[in-house]
Amino acid sequence: EGEAAGDVAALRSFEVDSAEAAATVHACGASLYFRAPPEFCVKWVSAMSAELGFGPGAQHPSGELRGEVEVFASRAGHATDWHFDFMENFTFQLRGTKKWRLHSSQLTHPVRGATPHYAHAGNLEQQLLVHRLQSPTFQLDAATRAELHKNSTEITLTAGSVLYFPAGAWHRVECEEDSLSVNLSLLGLTWAELVADAARQRSLSVSALRSFVTVPPLASAKDRKQVARADCTAALDAQRSLLAGLRAEHLLPDCAFLLRPSAGFVDVLSETERLIPEGLLR
């Protein structure tokens with residue numbers, strides 16, 4: 001839990017193994033964070049993903065949903081300092097009030113969040129490296145967060161309020177009183193994932209591209225570089241040839257547009273035969 005007393009304390013958390021234990025720590029002043037029941041997640045994530053047009057990317061190939069629903073039972077005075085997520089978020093304030101501060105990160109479609117608000121965040125370096133691919137001057141330090149605070153937009157959510165905040169939107173949240181809210185986090189399939197996975201599958205069909213990257217161990221340093229780079233050039237040429245043969249219909253065949261069940265694996269052949277007339281199959 002964090003505290004809102006001047007500077008916000010770094011977020012510290014621990015897990016409990018029962019609802020009774022959770023109720024006890026909540027009664028002692030701790031705030032709770034937990035996933036909503038699976039049936040609730042399936043219903044809401046499926047419906048919202050469909051409404052937003054996430055289509056075939058709303059689920060993993062296994063049928064597992066990419067999104068999730070979290071519940072926040074927060075105590076008065078609890079605060080979560082500046083951070084942002086890589087998912088599209090809708091938060092529903094059910095009880096109490098929360099003061100939100102929001103600020104743009106200038107990042108579009110981030111593939112990682114930024115979580116300097118945790119006391120023991122072990123992946124901040126990875127986050128910096130990923131975000132600097134898009135914004136070379138991106139920072140996570142205290143001075144940056146202080147600047148966010150000075151120029152932020154402040155809103156207050158009360159019972160019945162709904163807030164959408166996109167992936168990459170910096171936010172800081174304070175509970176002015178005991179609060180209950182539900183957050184719907186949605187994630188789709190990126191074009192980078194779709195195209196890269198197709199390219200990988202194609203490349204693995206070629207023996208030369210399945211071979212190991214090697215360098216002549218007894219050659220001079222200059223010759224090792226020349227041989228390895230020549231092999232790499234040949235691999236790139238082979239990959240370009242394979243990609244040239246790919247079409248949108250290969251990556252998004254007819255069966256990708258079938259209505260999928262809310263959970264579970266789709267039997268592509270039987271569903272295609274059932275839903276699409278034989279003459280329309282490609």
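Considering only region 121-236, give the strands (runs of 3 or more DSSP E) lying wholly within it that have at least 1 residues that are aromatic (Phe, Trp, Tyr) and either in contact (Cβ under 8 Å) with a residue 12 or more places away in the chain or closer than 29 Å to residue 35 by Cβ (or both).
By residue number, 162-165, 169-175.
Can you name the residue in region 121-137 that is out of contact with any strand residue (DSSP E or B) (no Cβ under 7 Å at 6 or more places or on another chain) and under 21 Å from residue 80 (Cα atoms) and is also surrounded by the fewest Cβ atoms within 10 Å (Cβ to Cβ) among such residues?
Selected residue: 122.
Which is surrounded by 16 or more Cβ atoms within 10 Å (Cβ to Cβ), at pLDDT 95 or above and under 23 Å from the mean Cα position of the chain (by Cα), of 181, 161?
Just a single option satisfies the conditions, and that option is 181.
Among the listed residues 208, 235, 196, which satisfies the condition of being open to solvent by less than 40 Å² (accessible area, probe 1.4 Å) and more than 30 Å from residue 71 (Cα to Cα)?
Answer to the selection: 235.
Among the residues of region 186-229, what is the count of those that are closer than 20 Å to residue 257 by Cβ and touching a Leu at 6+ places or on another chain (Cβ under 6 Å)?
2
Can you list residue pairs whose Cβ atoms sit under 7 Å apart, with the first residue in region 78-96 being buried (at least 20 other Cβ atoms within 10 Å of the Cβ) and the second being assigned to a strand (DSSP E or B) and among the acidic types (Asp, Glu)? Count only pairs 6 or more apart in sequence or on different chains.
Sorted first by the residue in region 78-96, then by its partner, the pairs are 79/174.
Which residue out of 102, 11 is at pLDDT 95 or above, of a type in the set (A, V, I, L, M, F, W, C), in contact with a His (Cβ under 8 Å, 6 or more places away or on another chain) and within 22 Å of residue 171 (Cα to Cα)? Steps first, answer last, please.
Numbers: 11 fails: at pLDDT 95 or above.
Exactly one residue qualifies, and that residue is 102.
Are any residues in region 4-33 without any contact (Cβ under 8 Å) to a residue 40 or more places away in the chain, of a type outside the set (D, E, K, R) and either touching a helix residue (DSSP H, G or I) at 6+ places or on another chain (Cβ under 7 Å) or over 23 Å from residue 77 (Cβ atoms) (or both), and if so, which ones?
Listed by number, the residues that qualify are 16, 18, 19.
The values are calculated or read from the model by the stated rules, or taken from the named source; none is laboratory data. Please read all numbers here as calculations on a predicted model, not as lab measurements. In this analysis, Cβ positions are derived from the backbone assuming ideal geometry, glycine residues included, and neighbour counts consider all displayed protein chains. These accessible areas exclude ligands, DNA and RNA; they are computed on the full protein's heavy atoms, side chains included. Shrake-Rupley method; radii C 1.70, N 1.55, O 1.52, S 1.80 Å.
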